[in-house]
Amino acid sequence: MKEQILIIEDDEAFRKTLTNLLKKEGYSVTGVSDGFQAIELAKKSLFELIIADVRLPKGMDGIEAVSIIKGIRPEIKVIVIIITGYTDENAPVRALRMGVDDYLYKPFKMEVFLHSVERNIKMYRLEEEKKEHLEMLEKMNEELNVAQHELIQSKKELEDYSKRLEQKVEERTKQLKETQSQLVQSAKMSTIGQLGSAVAHELNNPIGGILGYAQFILQKLSKPDVVPKDFKTCKQYIAYIEEEAKRCKSIVENLLSFSRKPLIALESVDIKQLIENTLSIIRHQLELQNIKLTTNYEPKLPSISGNVNQLQQVFTNIIINAQHAMPKGGKLNIRVSTKMKDGKKHLQISFKDTGCGIPKKNLEKVFEPFFTTKEDWQSIGLGLSITYQIIKELKGIITAQSKVGKETTFTITLPVSSS
Ligand SMILES: Nc1ncnc2c1ncn2[C@@H]1O[C@H](COP(=O)(O)OP(=O)(O)OP(=O)(O)O)[C@@H](O)[C@H]1O
Ligand SMILES: [Mg+2]
């Protein structure tokens, strides 16, 4: 829509000429002959452009009238073109003070007039557009500020949330670790329960020997005719007693060290010695069950980094499993050798039994916690899962191979300590 123009001109013919000219250009034009009429009109309607003659009747000139009109809505821009004759000497300065956009001296050519109107309206429109853009920019900026504020808030909430989550994970991990260590301990206690009769047997033998030798000595020394040869024999028997007593001590010590809750400290471990210690508790039980035990140790085996207590638990688990797999007897072979893997030296420890074997569908499950095929109350199915965990912590691996009804081999590979 084109702009509203107000013309304040007392010369009626001239006013009409200007009005018609502007109407032809599509503007809506209102003409009045004095300042008072102009002010009354401006109170009711908005004019974008006011063209005012300086000299007007009724004691109010054009500049004064426009000043009053401008004061009605000071926040709205009004374009002002003043027209005057050369005789109004003060008029230009007053018009400038009031804020005029153009100043035309009568008489002027109509083209000059039209050009002034169009140029000023164009500028006015540009100004308006600029204002609109500015307002839009300000609005956008405000929206951006709000969005940014929301973003900062969300980020903070997210950070809080992630912090809380981290704390929860930490707590849970701690709880899990505690549970796991309790599980390991209870599985170990269950293994000790399963070892009970073996230990009794193991201890029975040397104790039987000790008793026998003690009785021999008593007999010898109770004779009235004790000769020096008897003392020599007794000394020999006492040496046997000492040896058997030492065997008892080592069995009890092994069992004690096994049942103690381990401090998981890494140490240099002699695997051959550790397997022999483990066997000292269990060998007799295997013999009683008709299980022929053989061991093959590669000479000069290097030591590995591990924890004696944990590794003893690993070996005991595997050997007891083998024993359970051969209720009617069989063979168990333990072999320890070195092997290069990924350019590094490793120890390979294999336990091969000729027991019932593991069906293929179970082979991948045996290392899962609580997987068991045993129905007795002592078996909870934790032995191999704990074994797996311990070996994994030592950066080793454990695998199982089996032929159902024929044999099973568990192989442990552990890195050799670098020192
Ligand atoms: N040498 C083996 N021969 C045949 N099956 C075996 C052998 N070793 C393990 N298994 C199978 O793997 C299962 C899981 O063994 P794992 O030692 O984890 O538990 P478990 O012996 O059943 O119970 P737990 O060890 O807690 O007393 C056993 O129940 C058994 O079916
Ligand atoms: Mg087991």
Taking only the Cα atoms of segment 58-102, how large is their convex hull per residue, in Å³? 76 Å³
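Calculate for the chain the 222 nm mean residue ellipticity that helices alone would give, adding -39,500 (n - 2.57) per DSSP H run of length 4 or more and normalising by residue count, nearest 500 deg cm²/dmol.
On the way: 10 runs with 238 residues, N = 419.
When only DSSP H runs of four or more count, the value is -20000 deg cm²/dmol.
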Excluding ligands and nucleic acids, what accessible area in Å² is computed for TYR297 using a 1.4 Å probe, to the nearest 10? 50 Å²
For segment 58-66, in residue order, the Karplus 3J(HN,Hα) values (coefficients 6.51, -1.76, 1.60; θ = phi - 60°; whole Hz; Gly and Pro = x) are 6, x, 10, 7, x, 5, 5, 4, 5
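Suppose all protein chains stay in the model; what accessible area per residue would a 1.4 Å probe give for segment 262-397, in Å²? Don't skip to the answer; put the middle values down first.
Numbers: 7190 Å² over 136 residues.
That works out to 53 Å² for each residue.
Taking Cα pairs under 8 Å and at least six residues apart, what relative contact order does the chain come out at, in percent?
Working: 552 pairs, mean separation 38.1, N = 419.
Relative contact order comes out at 9 percent.
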Step through the residues of segment 22-35 one at a time and calculate ³J(HN,Hα) from phi using the Karplus curve (6.51 cos²θ - 1.76 cosθ + 1.60, θ = phi - 60°), rounding each to whole Hz and writing x for Gly and Pro. 6, 4, 4, 7, x, 7, 9, 10, 10, x, 9, 9, 8, x
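With a 1.4 Å probe and all protein chains left in place, how much of the accessible area of the chain comes from carbon and sulfur atoms, in whole percent? Could the numbers behind the result be given before it?
Values: 14340 of 25700 Å².
Summing carbon and sulfur atoms, their accessible area is 56 percent of the total for the chain.
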For GLY35, what charge total do you get from the other residues with a beta carbon under 9 Å from its beta carbon, if Lys and Arg give +1 and Asp and Glu give -1? -2
Using the Cα gyration tensor of segment 4-108, with a ≥ b ≥ c the square roots of its eigenvalues, what is the shape: rounded (a/c below 1.5), prolate (a/b larger than b/c) or oblate (neither)? rounded
Which one, SER186, SER45, SER280, has the greatest fluctuation when you compute a Gaussian network model over the chain with C-alpha springs under 10 angstrom? SER45
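For the cross-link pairs LYS272/LYS395; LYS249/LYS328; LYS174/LYS392, which exceed 26 Å when the distance is taken from alpha carbon to alpha carbon? Walk me through the intermediate numbers first.
Working: LYS272/LYS395 19 Å; LYS249/LYS328 31 Å; LYS174/LYS392 19 Å.
From LYS272/LYS395; LYS249/LYS328; LYS174/LYS392, over 26 Å: LYS249/LYS328.
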What list of ³J(HN,Hα) values in whole Hz, one per residue of segment 37-44 in order, does the Karplus curve 6.51 cos²θ - 1.76 cosθ + 1.60 (θ = phi - 60°) give from phi, with Gly and Pro shown as x? 4, 4, 4, 4, 5, 5, 5, 8
When the chain is treated as a GNM, springs tying every alpha-carbon pair under 10 Å, which of GLN236, GLN37, GLN148 comes out with the largest mean-square fluctuation? GLN37
Please list, or write none, the lysines whose alpha carbon is within less than 17 Å of the alpha carbon of LYS44, excluding same-chain residues fewer than 8 places away. LYS70, LYS77
Could you tell me which of rounded, prolate or oblate describes segment 19-73, using a ≥ b ≥ c as the square roots of the eigenvalues of the alpha-carbon gyration tensor, with rounded for a/c under 1.5 and, failing that, prolate when a/b is larger than b/c and oblate otherwise? oblate
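Could you compute how fast the chain diffuses translationally, taking Rh as the Kirkwood radius over C-alpha pairs and applying Stokes-Einstein at 10 °C with viscosity 1.306 mPa s? Give it in µm² per second.
Roughly 50 µm²/s, to the nearest whole number.
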Under 25 Å from LYS220, Cα to Cα: lysines that are on another chain or at least 8 residues apart: LYS229, LYS232, LYS235, LYS246
Among LYS406, LYS131, LYS24, which one shows the highest mean-square fluctuation when the chain is modelled as a Gaussian network with alpha-carbon springs under 10 Å? LYS24
Against the longest alpha carbon principal axis of the chain, how many degrees, from 0 to 90 and to the nearest 10, is the axis of helix 110-222 turned? 10 degrees
How compact and how long is segment 263-419, expressed as Rg and Dmax of its alpha-carbon atoms in Å? 15.2, 45
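The values are calculated or read from the model by the stated rules, or taken from the named source; none is laboratory data. The structure displayed is predicted, hence computed values, not measured ones. Every residue, glycine as well, gets a Cβ built from its backbone with ideal geometry; the counts of neighbours run over all protein chains shown. Quick note on the areas: whole protein, heavy atoms, side chains included, nothing else; ligands and nucleic acids left out. Shrake-Rupley method; radii C 1.70, N 1.55, O 1.52, S 1.80 Å.
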